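The values are calculated or read from the model by the stated rules, or taken from the named source; none is laboratory data. Just so it is clear, the model here is predicted, and its values are computed rather than measured. As a convention, Cβ positions derive from the backbone with ideal geometry for all residues, glycine included, and neighbour counts pool all protein chains shown. In case anyone asks, the SASA skips ligands and DNA or RNA and just uses the protein heavy atoms, side chains included. Shrake-Rupley method; radii C 1.70, N 1.55, O 1.52, S 1.80 Å.
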Amino acid sequence: LENKGHKVYIITVNPNNMCFSLDSTGTVLRIPGIPIGIYDYRLTGIDPLKATKQIKKWKLDVIHSQTEFAIGTFARIIAKQNNIALVHTYHTMYEDYTHYVNIFNLKSVDRVAKRAVYSLSKLYGEKCTALICPSPKTKERLEAYGIKKQIHVIPTGLDLERFEPEKTDEETRLALRKEMGVKDDEFLLVYVGRIAAEKSIDIVIETFTIIKKLQKKI
(Lines give C-alpha, C1' and ligand atoms only; values in the text may rest on other atoms or scores of the structure.)
Protein backbone atom coordinates (compact mmCIF):
# COMPACT_ATOMS: atom_id res chain seq x y z
CA LEU A 1 0.00 0.00 0.00
CA GLU A 2 2.86 2.38 0.78
CA ASN A 3 4.43 1.57 -2.60
CA LYS A 4 1.17 2.74 -4.19
CA GLY A 5 1.38 6.07 -2.37
CA HIS A 6 -0.88 5.39 0.61
CA LYS A 7 -0.11 6.40 4.19
CA VAL A 8 -0.44 3.31 6.38
CA TYR A 9 -0.80 3.19 10.17
CA ILE A 10 -0.80 0.09 12.35
CA ILE A 11 -2.56 -0.35 15.71
CA THR A 12 -1.57 -3.51 17.53
CA VAL A 13 -0.86 -4.99 20.97
CA ASN A 14 2.23 -4.12 22.97
CA PRO A 15 3.80 -7.56 23.65
CA ASN A 16 6.34 -6.46 26.25
CA ASN A 17 4.69 -4.18 28.77
CA MET A 18 1.47 -2.54 29.86
CA CYS A 19 1.95 0.85 28.25
CA PHE A 20 1.22 2.74 25.05
CA SER A 21 4.04 3.31 22.58
CA LEU A 22 4.35 5.05 19.24
CA ASP A 23 7.34 4.10 17.09
CA SER A 24 9.88 6.58 15.74
CA THR A 25 8.03 6.84 12.40
CA GLY A 26 4.80 7.79 14.15
CA THR A 27 2.91 5.07 12.26
CA VAL A 28 2.89 2.03 14.61
CA LEU A 29 0.82 2.44 17.76
CA ARG A 30 1.03 -0.32 20.38
CA ILE A 31 -1.60 -0.49 23.10
CA PRO A 32 -1.51 -2.44 26.40
CA GLY A 33 -2.67 -6.04 26.45
CA ILE A 34 -2.73 -8.89 28.94
CA PRO A 35 -1.91 -12.54 28.06
CA ILE A 36 -4.98 -14.79 27.91
CA GLY A 37 -3.16 -18.13 27.98
CA ILE A 38 -3.93 -19.12 24.35
CA TYR A 39 -0.76 -19.14 22.26
CA ASP A 40 0.70 -15.60 22.44
CA TYR A 41 -2.63 -13.78 22.19
CA ARG A 42 -3.23 -10.71 24.34
CA LEU A 43 -6.47 -9.00 25.25
CA THR A 44 -6.68 -5.21 25.03
CA GLY A 45 -9.23 -2.66 26.11
CA ILE A 46 -11.98 -2.05 23.53
CA ASP A 47 -11.81 1.77 23.67
CA PRO A 48 -8.46 3.02 25.03
CA LEU A 49 -8.69 6.82 25.32
CA LYS A 50 -5.02 7.56 24.61
CA ALA A 51 -5.13 5.49 21.41
CA THR A 52 -8.36 7.18 20.34
CA LYS A 53 -6.78 10.63 20.60
CA GLN A 54 -3.81 9.54 18.49
CA ILE A 55 -5.95 7.88 15.82
CA LYS A 56 -8.12 10.99 15.43
CA LYS A 57 -4.97 12.98 14.64
CA TRP A 58 -4.27 10.64 11.72
CA LYS A 59 -7.58 11.54 9.99
CA LEU A 60 -8.01 8.06 8.49
CA ASP A 61 -9.96 7.37 5.29
CA VAL A 62 -10.46 3.65 5.87
CA ILE A 63 -9.85 1.16 8.69
CA HIS A 64 -8.87 -2.45 8.01
CA SER A 65 -9.39 -4.75 11.01
CA GLN A 66 -7.79 -8.17 11.31
CA THR A 67 -9.48 -9.63 14.41
CA GLU A 68 -13.02 -9.86 15.75
CA PHE A 69 -12.01 -9.40 19.38
CA ALA A 70 -10.66 -6.50 21.47
CA ILE A 71 -8.73 -4.49 18.86
CA GLY A 72 -11.33 -5.49 16.28
CA THR A 73 -14.08 -4.13 18.51
CA PHE A 74 -12.01 -0.98 19.01
CA ALA A 75 -11.78 -0.64 15.21
CA ARG A 76 -15.58 -0.83 14.90
CA ILE A 77 -16.05 1.80 17.63
CA ILE A 78 -13.56 4.19 16.00
CA ALA A 79 -15.10 3.63 12.55
CA LYS A 80 -18.62 4.34 13.81
CA GLN A 81 -17.66 7.37 15.92
CA ASN A 82 -15.78 9.00 13.06
CA ASN A 83 -17.86 7.78 10.11
CA ILE A 84 -14.90 5.91 8.58
CA ALA A 85 -15.29 2.99 6.17
CA LEU A 86 -14.42 -0.33 7.89
CA VAL A 87 -13.09 -3.32 5.98
CA HIS A 88 -12.61 -6.52 7.97
CA THR A 89 -10.63 -9.64 7.10
CA TYR A 90 -12.26 -12.78 8.53
CA HIS A 91 -9.25 -15.04 8.96
CA THR A 92 -10.52 -17.86 11.14
CA MET A 93 -13.35 -20.37 10.81
CA TYR A 94 -14.25 -20.31 14.50
CA GLU A 95 -16.70 -23.17 14.23
CA ASP A 96 -13.61 -25.39 13.75
CA TYR A 97 -12.29 -24.20 17.13
CA THR A 98 -15.23 -25.03 19.38
CA HIS A 99 -13.34 -28.01 20.85
CA TYR A 100 -11.35 -25.52 22.93
CA VAL A 101 -14.46 -24.75 25.01
CA ASN A 102 -16.01 -28.22 24.68
CA ILE A 103 -13.44 -30.02 26.84
CA PHE A 104 -15.80 -32.94 27.60
CA ASN A 105 -16.74 -33.37 23.92
CA LEU A 106 -20.48 -32.93 24.56
CA LYS A 107 -22.77 -32.51 21.54
CA SER A 108 -24.98 -30.04 23.42
CA VAL A 109 -22.00 -27.80 24.25
CA ASP A 110 -20.75 -28.01 20.66
CA ARG A 111 -24.17 -26.94 19.33
CA VAL A 112 -24.30 -23.95 21.69
CA ALA A 113 -20.71 -22.96 20.84
CA LYS A 114 -21.38 -23.14 17.11
CA ARG A 115 -24.57 -21.08 17.44
CA ALA A 116 -22.56 -18.48 19.33
CA VAL A 117 -20.02 -18.45 16.50
CA TYR A 118 -22.76 -17.94 13.91
CA SER A 119 -24.36 -15.09 15.89
CA LEU A 120 -21.13 -13.28 16.72
CA SER A 121 -19.76 -13.64 13.18
CA LYS A 122 -22.97 -12.15 11.77
CA LEU A 123 -22.91 -9.35 14.36
CA TYR A 124 -19.31 -8.45 13.50
CA GLY A 125 -19.79 -8.83 9.76
CA GLU A 126 -22.85 -6.61 9.57
CA LYS A 127 -20.98 -3.79 11.33
CA CYS A 128 -18.46 -3.58 8.45
CA THR A 129 -18.58 -1.75 5.15
CA ALA A 130 -17.17 -4.86 3.44
CA LEU A 131 -15.41 -8.10 4.33
CA ILE A 132 -12.41 -10.02 3.03
CA CYS A 133 -11.99 -13.76 3.48
CA PRO A 134 -9.19 -16.12 2.35
CA SER A 135 -11.23 -18.74 0.48
CA PRO A 136 -14.55 -19.46 -1.29
CA LYS A 137 -15.35 -21.92 1.53
CA THR A 138 -15.13 -19.15 4.12
CA LYS A 139 -17.26 -16.85 1.97
CA GLU A 140 -19.94 -19.54 1.69
CA ARG A 141 -19.99 -19.98 5.46
CA LEU A 142 -20.25 -16.24 6.10
CA GLU A 143 -23.16 -16.03 3.67
CA ALA A 144 -24.75 -19.00 5.45
CA TYR A 145 -24.48 -17.04 8.72
CA GLY A 146 -26.74 -14.45 7.09
CA ILE A 147 -24.15 -11.74 6.41
CA LYS A 148 -25.41 -9.47 3.61
CA LYS A 149 -22.37 -7.22 3.22
CA GLN A 150 -19.99 -7.44 0.26
CA ILE A 151 -17.55 -10.34 0.78
CA HIS A 152 -14.37 -10.44 -1.29
CA VAL A 153 -12.18 -13.56 -1.56
CA ILE A 154 -8.49 -12.62 -1.34
CA PRO A 155 -6.19 -15.58 -0.53
CA THR A 156 -3.63 -15.02 2.20
CA GLY A 157 -0.39 -14.22 0.39
CA LEU A 158 2.62 -16.53 0.48
CA ASP A 159 6.03 -15.78 -1.03
CA LEU A 160 6.44 -19.15 -2.79
CA GLU A 161 9.80 -18.12 -4.25
CA ARG A 162 11.33 -18.52 -0.79
CA PHE A 163 10.67 -22.26 -1.00
CA GLU A 164 12.10 -22.95 -4.43
CA PRO A 165 14.73 -25.78 -4.38
CA GLU A 166 17.47 -23.63 -5.88
CA LYS A 167 17.25 -21.27 -2.90
CA THR A 168 18.98 -23.93 -0.75
CA ASP A 169 22.37 -25.32 -1.71
CA GLU A 170 22.87 -29.08 -1.99
CA GLU A 171 25.21 -29.31 0.99
CA THR A 172 22.69 -27.64 3.32
CA ARG A 173 19.86 -29.80 2.01
CA LEU A 174 21.76 -33.03 2.60
CA ALA A 175 22.88 -31.89 6.05
CA LEU A 176 19.26 -31.19 7.05
CA ARG A 177 18.14 -34.61 5.83
CA LYS A 178 20.96 -36.28 7.75
CA GLU A 179 20.07 -34.34 10.90
CA MET A 180 16.45 -35.54 10.67
CA GLY A 181 17.39 -39.11 9.78
CA VAL A 182 15.87 -38.93 6.29
CA LYS A 183 17.61 -40.72 3.40
CA ASP A 184 18.44 -38.65 0.34
CA ASP A 185 16.11 -40.65 -1.93
CA GLU A 186 13.29 -40.78 0.63
CA PHE A 187 10.21 -38.60 0.11
CA LEU A 188 10.06 -35.87 2.75
CA LEU A 189 6.97 -33.87 3.70
CA VAL A 190 7.33 -30.89 6.03
CA TYR A 191 4.47 -29.26 7.94
CA VAL A 192 4.87 -25.69 9.18
CA GLY A 193 2.21 -24.54 11.62
CA ARG A 194 0.63 -25.10 15.01
CA ILE A 195 0.12 -28.64 16.23
CA ALA A 196 -3.57 -28.27 16.96
CA ALA A 197 -6.72 -30.30 16.35
CA GLU A 198 -8.24 -27.78 13.93
CA LYS A 199 -5.21 -28.14 11.63
CA SER A 200 -6.21 -31.79 10.90
CA ILE A 201 -2.60 -32.97 10.71
CA ASP A 202 -3.83 -36.52 11.38
CA ILE A 203 -5.73 -36.49 8.08
CA VAL A 204 -2.57 -35.46 6.19
CA ILE A 205 -0.57 -38.27 7.84
CA GLU A 206 -3.27 -40.86 7.11
CA THR A 207 -3.59 -39.68 3.51
CA PHE A 208 0.13 -39.94 2.82
CA THR A 209 0.17 -43.40 4.40
CA ILE A 210 -2.41 -44.44 1.80
CA ILE A 211 -0.42 -42.75 -0.99
CA LYS A 212 2.75 -44.58 0.07
CA LYS A 213 0.93 -47.94 -0.06
CA LEU A 214 -0.47 -47.13 -3.50
CA GLN A 215 3.03 -46.22 -4.77
CA LYS A 216 4.32 -49.64 -3.75
CA LYS A 217 1.62 -51.28 -5.86
CA ILE A 218 2.42 -49.26 -8.97
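Figures for the structure shown
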{"read-out": "With every protein chain in place, region 76-211: carbon and sulfur % of accessible area (1.4 Å)", "value": "58 percent"}
{"read-out": "Separation between Cα centres of region 20-43 and region 72-113, rounded to whole Å", "value": "20 Å"}
{"read-out": "Net charge over other residues, Cβ less than 13 angstrom from the Cβ of GLU143 (K, R count +1; D, E count -1)", "value": "+4"}
{"read-out": "In degrees, nearest ten, helix 201-217 long axis to first principal axis of the chain (Cα)", "value": "30 degrees"}
{"read-out": "Environment charge of LEU22, counting only residues whose C-beta is closer than 12 Å and scoring Lys/Arg +1, Asp/Glu -1", "value": "+3"}
{"read-out": "Accessible solvent surface per residue of the chain, calculated while the other protein chains remain in place, 1.4 angstrom probe, Å²", "value": "74 Å²"}
{"read-out": "For region 45-136, diffusion coefficient by Stokes-Einstein and Kirkwood Rh (Cα), 10 °C, 1.306 mPa s, µm²/s", "value": "109 µm²/s"}
{"read-out": "Over region 1-94: Rg over Rh, Cα atoms, Kirkwood Rh", "value": "0.95"}
{"read-out": "Share of pairwise Cα separations in region 135-218, more than 18 Å, in percent", "value": "69 percent"}
{"read-out": "Stokes-Einstein D for region 61-104, Kirkwood Rh over Cα pairs, 25 °C, 0.890 mPa s (µm²/s)", "value": "207 µm²/s"}
{"read-out": "Matching label, log10 I(q)/I(0) by the Debye sum over Cα atoms at q = 0.09 Å⁻¹ computed from the structure shown, candidates (1) -0.36; (2) -0.55; (3) -0.61", "value": "(2)"}
{"read-out": "Gain in span if fully extended, GLU166 to PHE20, counting 0.36 nm per residue against the direct Cα distance", "value": "48.2 nm"}
{"read-out": "Approximate shape of region 123-181 as ellipsoid semi-axes (Cα gyration tensor, √5λ), whole Å, largest first", "value": "43, 12, 8"}
